[in-house]
Amino acid sequence: MRRIAIAAAATVSVVVLLFSYRTSTDSSPVATGRTQPSRTASPPTTAAGAATTGDGTFTGDAADTRYGPVQVRITIAGGRITAADAIEYPQESGRDVRINSEAVPELNQETLQAQTARIDTVSGATYTSEGYQQSLQSAIDQAHR
């Protein structure tokens, strides 16, 4: 009887863990609406009038995370991301500062290497990483308008 109870408890635990697992493939952005995206350069247009990737600086929508908003600004030159900076990220506590002082530069560098919002999350900074990816995708989308 004891083995059955242990097996049932283990099964329930595994099922709960599986349903609570969040993957990084969740592409539903969460915008705060508090800040307006900015664009410092207009994208060039083709002869047909369709917008192409424009050079300039683009600020993504702020993405809400459990610990606060994350917002990314990118600079595009020659169709490539040449700079990526998190301009807003959680800094309320000493723990936030400690974690993000290492995570944000890593995310910025990863963006320059990947040239996309499909970047790896930083271990220990999952919420900041997910917010960064969402805001980065928003900035990239603006560049393609």
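The values are calculated or read from the model by the stated rules, or taken from the named source; none is laboratory data. Just so it is clear, the structure is predicted and the values come from calculations on it, not from any experiment. Note: ideal-geometry Cβ built from the backbone for every residue, glycine included; neighbour counts use all protein chains shown. For the accessible areas, the whole protein counts, side chains as well, though only heavy atoms, and no ligand, DNA or RNA atoms are used. Shrake-Rupley method; radii C 1.70, N 1.55, O 1.52, S 1.80 Å.
Points worth noting:
- Residue check: residue 48 meets all listed conditions (1) assigned to a loop (DSSP other than H, G, I, E, B); (2) modelled with pLDDT of 95 or more; (3) hydrophobic (A, V, I, L, M, F, W, C) but one, namely (2).
- Annotation note: Cβ proximity below 8 Å between a residue of region 108-127 that is without any contact (Cβ under 8 Å) to a residue 24 or more places away in the chain and a residue that is in a loop (DSSP other than H, G, I, E, B) (sequence gap 6+ or interchain) occurs for 110/119; 110/120.
- Scanning region 88-107 for residues that are touching a residue at least 12 places away in the same chain (Cβ under 8 Å) and either closer than 20 Å to residue 118 by Cβ or open to solvent by 70 Å² or more (accessible area, probe 1.4 Å) (or both) gives 89, 91, 92, 102, 103, 104, 106, 107.
- Considering residues of region 119-135 that are open to solvent by 40 Å² or more (accessible area, probe 1.4 Å) and in contact with a helix residue (DSSP H, G or I) (Cβ under 8 Å, 6 or more places away or on another chain) only, the residue farthest from residue 61 (Cα to Cα): 124
- Of all the numbered requirements in (1) in a loop (DSSP other than H, G, I, E, B); (2) touching a Gly at 6+ places or on another chain (Cβ under 8 Å), residue 120 misses one, and that requirement is (2).
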